[in-house]
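Comments concern the structure below.
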Amino acid sequence: MFHLGWFMGSGFSVQTWAGDPWAGTTGRDWMKGGLFIDLAAALERACFDYLLVEDTSMIEDAHGGSMETTLKYGLLGPKNDPVPLIPLLTQRTKHIGIACTLSTSFYHPYMAARTMATLDHLTDGRVGLNVVTGSSRRAAQQYGYDDLEPHDQRYERAHEWMEAVGALWESWEDGAVLVDTETPRYADHTKVHPVDFAGKYFRTRGPLNTIPGPQRRPVIVQAGASAAGRDLAAKYAESMLAHGHSIEAMKAFRADMHRRLKEYGRDPGQLKILFLVEPTLGETDEVARARAEAQQRWARTDEAIERRLWGLSYTSGGTHDFSRYDLDGPVPDVWGNGETSTLRNFVERGQGMTLREALATIDTHSGLAFTGSPDSVAAQMGEAMQEVGGDGFLLSPVVTRRNIAEIADGLAPALRKRGLIRDGYNHSTFRDNLLEF
Ligand SMILES: Cc1cc2nc3c(=O)[nH]c(=O)nc-3n(C[C@H](O)[C@H](O)[C@H](O)COP(=O)(O)O)c2cc1C
């Protein structure tokens, strides 16, 4: 058996709103949350482990030095804050885990620890936290900084941030809350402790003024795949997003992560590595192949090239304007100061191609190209996971009700029929379900 997650890669944002007959009224009502409530309910029906909501807090304008492309298409923006969405999603579900994203560059550890402890109560122990270091200079400027810190320094800060939030989550001992109505005594003050955390980047006194929730700590998720990102995940995370465009690359990534986990004294089973995939489904293999071919043709259109070029400018953290490079020249060898591992992956795979060709053929987020009927894709996913050795997949299609139905009501039942995914939830918290196998 393997695990399944869904990555809402553009966050609580506009999604597909035009140019797709299945977009519905999303352009006008995405901000109300109904689409994402439908998504969460469907994923629970499909027995997914979790839904992960990306977040960033800016309108990107590195591309072409203007917000035009971003706002013309609605690319990763406009976007709502994901935190208030979480309880809405867990009110309509009973078992699935929901993880939201907070940046260690912008959230003070006290605010983050308190917000997540509150969410752990509101979700009955089903919340997770995707720990990111931020990936855009424009986001840094929203919070009053001139720029993002250099990549490795951001990760140094993130380690300290994790120590600080961890200390706050531990500031109430088990048994501190008494609710003894006779004495009366609400809590035992000898079991509540200041943390007096003083690091290079953060200071916080504690204790948290929020009592521990059912999980005490949210499930920690991490996405960055640079050496520094891998170390952060190896030390603290319980699940990790990973790119894998070949079985060999996926195996090597897992082996590297298991080595790092052992260095931190952790068992490899404590980190569930989920590989990003975007399967192309159809009623039959032929229908699915035709859809995949149509997508490949679309990837060569001016609009698709412009969107992907925008994506590179964004991925560089806003340090490079990819609209300035010659589309018929080589892929520029730059990694930027954002998602460096994603850009590096694109640059390395694009060696020997023109930028145009690389943009048309390399999608760093789409992973192994599974194509076919639900049953064929289920078989392909099963074989791939068997070769890789675990732990599962993170599906990342844009959120449309068609994509939801194809995956929750087509692919997931086919996977379950083959015994490849869980057929129910045995535990009440996100962590206990995730770490069950
Ligand atoms: C798949 C993936 C998803 C990410 N999601 C977010 C996000 O939601 N918000 C954000 O600010 N940064 C996000 N990041 C950025 C990373 O957390 C990290 O801060 C930075 O990109 C460095 O990544 P690297 O270790 O791969 O160089 C994401 C990165 C990757 C690779």
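Just checking, how many residues over region 37-70 are in contact with a helix residue (DSSP H, G or I) (Cβ under 9 Å, 6 or more places away or on another chain), within 16 Å of the ligand (Cβ to nearest atom) and among the hydrophobic types (A, V, I, L, M, F, W, C)? Count: 5. Filtering PRO218, PRO214, PRO207 for residues that are assigned by TED's automatic domain parsing to the domain that holds TYR107, more than 25 Å from ASN337 (Cβ to Cβ) and out of contact with any strand residue (DSSP E or B) (no Cβ under 7 Å at 6 or more places or on another chain) leaves a single hit, PRO214.
Whenever a residue of region 101-113 is open to solvent by 10 Å² or more (accessible area, probe 1.4 Å), its partners that are part of a strand (DSSP E or B) and more than 8 Å from the ligand (Cβ to nearest atom), lying with C-beta atoms within less than 9 angstrom and at least six residues away or across chains, give the pairs HIS108/THR204; TYR110/THR204; MET111/LEU102.
Evaluate the following for THR93: is it open to solvent by less than 40 Å² (accessible area, probe 1.4 Å), out of contact with any Cys (no Cβ under 9 Å at 6 or more places or on another chain) and in a loop (DSSP other than H, G, I, E, B)?
Details: open to solvent by less than 40 Å² (accessible area, probe 1.4 Å): yes; out of contact with any Cys (no Cβ under 9 Å at 6 or more places or on another chain): yes; in a loop (DSSP other than H, G, I, E, B): yes.
Yes, satisfied.
When the test is whether a residue is in the same structural domain as ARG422 (by TED's automatic domain parsing), touching a helix residue (DSSP H, G or I) at 6+ places or on another chain (Cβ under 7 Å) and crowded, with 18+ Cβ neighbours inside 10 Å, GLY372 passes it.
If you go through region 220-240 and keep only what is open to solvent by less than 10 Å² (accessible area, probe 1.4 Å) and either more than 12 Å from the ligand (Cβ to nearest atom) or outside any loop (DSSP other than H, G, I, E, B) (or both), you end up with ILE220, VAL221, GLN222, GLY229, LEU232, ALA233, ALA234, SER239, MET240. None of ARG356, ARG308, ARG324 is farther than 28 Å from ASP49 by Cβ, under 23 Å from the mean Cα position of the chain (by Cα) and open to solvent by 30 Å² or more (accessible area, probe 1.4 Å) except ARG308. Among the criteria (1) crowded, with 20+ Cβ neighbours inside 10 Å; (2) within 12 Å of the ligand (Cβ to nearest atom); (3) not in a helix (DSSP H, G or I), the one GLY125 does not fulfil is (2). Scan region 50-62 for residues that are at pLDDT 95 or above and open to solvent by less than 10 Å² (accessible area, probe 1.4 Å) and report the count. Total satisfying the criteria: 4.
For every residue, the table says whether it meets (1) open to solvent by 40 Å² or more (accessible area, probe 1.4 Å); (2) more than 20 Å from the chain's Cα centre (by Cα); (3) under 19 Å from THR364 (Cα atoms); (4) among the aliphatic types (A, V, I, L, M).
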{"site": "HIS243", "(1), (2), (3), (4)": "yes, no, yes, no"}
{"site": "ALA249", "(1), (2), (3), (4)": "no, no, yes, yes"}
{"site": "LYS262", "(1), (2), (3), (4)": "yes, yes, no, no"}
{"site": "ASP267", "(1), (2), (3), (4)": "yes, yes, no, no"}
{"site": "PHE275", "(1), (2), (3), (4)": "no, no, yes, no"}
{"site": "LEU281", "(1), (2), (3), (4)": "no, yes, no, yes"}
{"site": "ALA290", "(1), (2), (3), (4)": "yes, yes, no, yes"}
{"site": "GLN295", "(1), (2), (3), (4)": "yes, yes, yes, no"}
{"site": "TRP298", "(1), (2), (3), (4)": "yes, yes, yes, no"}
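The values are calculated or read from the model by the stated rules, or taken from the named source; none is laboratory data. Only a predicted model underlies this, so the values are computations on that prediction, with no experimental measurement involved. Heads up, the Cβs are rebuilt from the backbone with ideal geometry, glycines too, and the neighbour counts pull from every protein chain shown. Keep in mind that these areas ignore ligands, DNA and RNA; they rest on the heavy atoms of the full protein, side chains included. Shrake-Rupley method; radii C 1.70, N 1.55, O 1.52, S 1.80 Å.
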